[in-house]
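A short worksheet on the structure shown next.
The values are calculated or read from the model by the stated rules, or taken from the named source; none is laboratory data. As the structure is a prediction and not an experimental result, all values here were calculated from the model. Cβ atoms come from the backbone with ideal geometry, glycine included; neighbour counts cover every protein chain shown.
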């Protein structure tokens, strides 16, 4: 008798159980090849997790809303002290980020290579710039841009910046649909 230790996700990535809990995916989710989703993770409709990402819900839960994208090489984890990672709808998380024990409201944005640490909170339409380090317990308020290491508020976001953030999210949603169609057709 063989034990099932992983399953193929839509798009070719892999799902792993931890302590008997399997990740849950809603309709239209794309998990790219090389991505690993482990344990107590739920991903909302139309969201995407790109190449070589790891979402590890082993000691707490991870939740992604609808239409959210987690880009290549990003790690999403939780704090064993009881801090889950909760990510809302239409959030964009750039390539090679580290998201740890963080709450990100709808339409939040985390730039390339940024790090968010335990207890951080990014409000609706808040933005953490590329390369920034959001130290534990920091709160990015709605429509604020935080930059640097450690990150600090730089300014409020303009309507143009918010428009560009939305366009980025929509672009990834459309791209995920194309990948899902192509990869699933090839793998059947």
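Values computed for the structure shown
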item	result
Failed criterion for residue 154 (all others in (1) touching a strand residue (DSSP E or B) at 6+ places or on another chain (Cβ under 8 Å); (2) under 22 Å from residue 26 (Cα atoms); (3) touching a residue at least 24 places away in the same chain (Cβ under 8 Å) hold)	(2)
Test: residue in region 136-152 that is more than 21 Å from residue 85 (Cα to Cα), modelled with pLDDT of 95 or more and part of a helix (DSSP H, G or I)	no
Residue list for region 106-121, filter: within 14 Å of residue 162 (Cβ to Cβ) and crowded, with 18+ Cβ neighbours inside 10 Å	107, 108, 109
Matching residues in region 64-85 - criterion: being surrounded by fewer than 18 Cβ atoms within 10 Å (Cβ to Cβ), over 9 Å from the mean Cα position of the chain (by Cα) and at negative phi	72, 79, 80, 81, 84
Neighbours by Cβ (under 7 Å, 6+ apart or cross-chain): first from region 11-30, on the phi > 0 side of the Ramachandran plot and surrounded by fewer than 19 Cβ atoms within 10 Å (Cβ to Cβ); second modelled with pLDDT of 95 or more and assigned to a loop (DSSP other than H, G, I, E, B)	28/45; 28/46
Output for region 38-63, where each listed residue is at positive phi and surrounded by fewer than 19 Cβ atoms within 10 Å (Cβ to Cβ)	52
Filtered residue count, region 75-99, keeping only those that are farther than 27 Å from residue 174 by Cα and either touching a strand residue (DSSP E or B) at 6+ places or on another chain (Cβ under 7 Å) or without any contact (Cβ under 8 Å) to a residue 24 or more places away in the chain (or both)	6
